[in-house]
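First up is the structure itself, then whatever we jot down about it.
The values are calculated or read from the model by the stated rules, or taken from the named source; none is laboratory data. Since we're looking at a predicted model, the values are computed, not measured. Don't worry about glycine lacking a Cβ; one is built from the backbone with ideal geometry, like all the others, and counts go over all protein chains shown.
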Amino acid sequence: MVSIAVLGVVTAIAMPSLSEFRVKMRVDNEIAQLQRTVLTTRNTAINLEQNVTLCPLNGSNTCTNNWAGELTVFVDLDQDNVFEPGAVPAEILIKIKKAVSTTDTLNYTGFSRITFASTGLLLINSGSGTFSYCPNGYSHLNRAVIVSPSGRTYQSTDTDNDGEDEDRNNSAITCP
């Protein structure tokens, strides 16, 4: 009986930590997938020597601002922010990243798309920005991926050791 009582107390103490650990792992996984998706977009632009776009698409294959939805990487030959697989020549689908958890938030401070030129640099009308990922109910676990004008990406870090990530300007990661 004593063993069962001790096990019950230990379980009661460990469960909240386990729940937060699972959320932290989900956040880390989403940030890693997001950064890999941006890097895939950039590397494909360099390798194909064509402009490649990353954006969330709506039902008519047009780029939108719903960054929490599915993200699509494609070659946008005519730069009209529309994925047109039936066009001649056909635009190429490179990758699709699944939507984030419905309880979480993903925002991007830049435009409705990210387009890399064949040089690996962002196009001027695409703009740099910050992806902010915020898990519901765990604001201290917010993370970000920063996309610089040079096309490089950076993950947020806890620079001041307060337990919360900051961007490159030492501002806490927030979601509106």
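Worth pointing out:
- Residue count for region 76-90 under the criterion of being under 19 Å from PHE111 (Cβ atoms), of a type in the set (Val, Ile, Thr) and out of contact with any Leu (no Cβ under 9 Å at 6 or more places or on another chain): the result is 0.
- Within region 129-156, the set of residues being more than 21 Å from THR115 (Cα to Cα) and among the small types (Gly, Ala, Ser) comprises GLY137, SER139, SER156.
For (1) touching a strand residue (DSSP E or B) at 6+ places or on another chain (Cβ under 8 Å); (2) closer than 21 Å to ALA117 by Cα; (3) in a helix (DSSP H, G or I), each residue gets a yes or a no:
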| site | (1), (2), (3) |
| --- | --- |
| VAL38 | yes, yes, yes |
| ASN43 | no, yes, yes |
| SER60 | yes, no, no |
| ASN66 | yes, no, no |
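- Only one of the numbered conditions (1) buried (at least 18 other Cβ atoms within 10 Å of the Cβ); (2) under 25 Å from THR157 (Cα atoms); (3) out of contact with any strand residue (DSSP E or B) (no Cβ under 7 Å at 6 or more places or on another chain) is not met by ALA117, and that is (2).
- Restricted to region 68-77, and to residues there that are over 16 Å from the mean Cα position of the chain (by Cα) and either without any contact (Cβ under 8 Å) to a residue 12 or more places away in the chain or in a strand (DSSP E or B) (or both), the residue that is surrounded by the most Cβ atoms within 10 Å (Cβ to Cβ) is PHE74.
- Test result for ILE94, buried (at least 18 other Cβ atoms within 10 Å of the Cβ), among the hydrophobic types (A, V, I, L, M, F, W, C), more than 20 Å from ARG143 (Cβ to Cβ) and at pLDDT 90 or above: yes
- Which listed residue is under 25 Å from LYS24 (Cβ atoms), among the aliphatic types (A, V, I, L, M) and in contact with a Lys or Arg (Cβ under 8 Å, 6 or more places away or on another chain), from LEU106, LEU71: LEU71
- Test: ASN125 is over 27 Å from THR159 (Cα atoms), out of contact with any helix residue (DSSP H, G or I) (no Cβ under 6 Å at 6 or more places or on another chain) and touching a residue at least 24 places away in the same chain (Cβ under 8 Å): no
- Selection status of ASN125, surrounded by fewer than 18 Cβ atoms within 10 Å (Cβ to Cβ), touching a Ser or Thr at 6+ places or on another chain (Cβ under 6 Å) and assigned to a loop (DSSP other than H, G, I, E, B): no
- In region 36-67, residue surrounded by the most Cβ atoms within 10 Å (Cβ to Cβ) [restricted to those that are of a type in the set (Gly, Ala, Ser) and touching a residue at least 12 places away in the same chain (Cβ under 8 Å)]: ALA45
- All positions within region 78-91 that are within 19 Å of LEU122 (Cβ to Cβ) and surrounded by fewer than 16 Cβ atoms within 10 Å (Cβ to Cβ): ASP78, GLN79, ASP80
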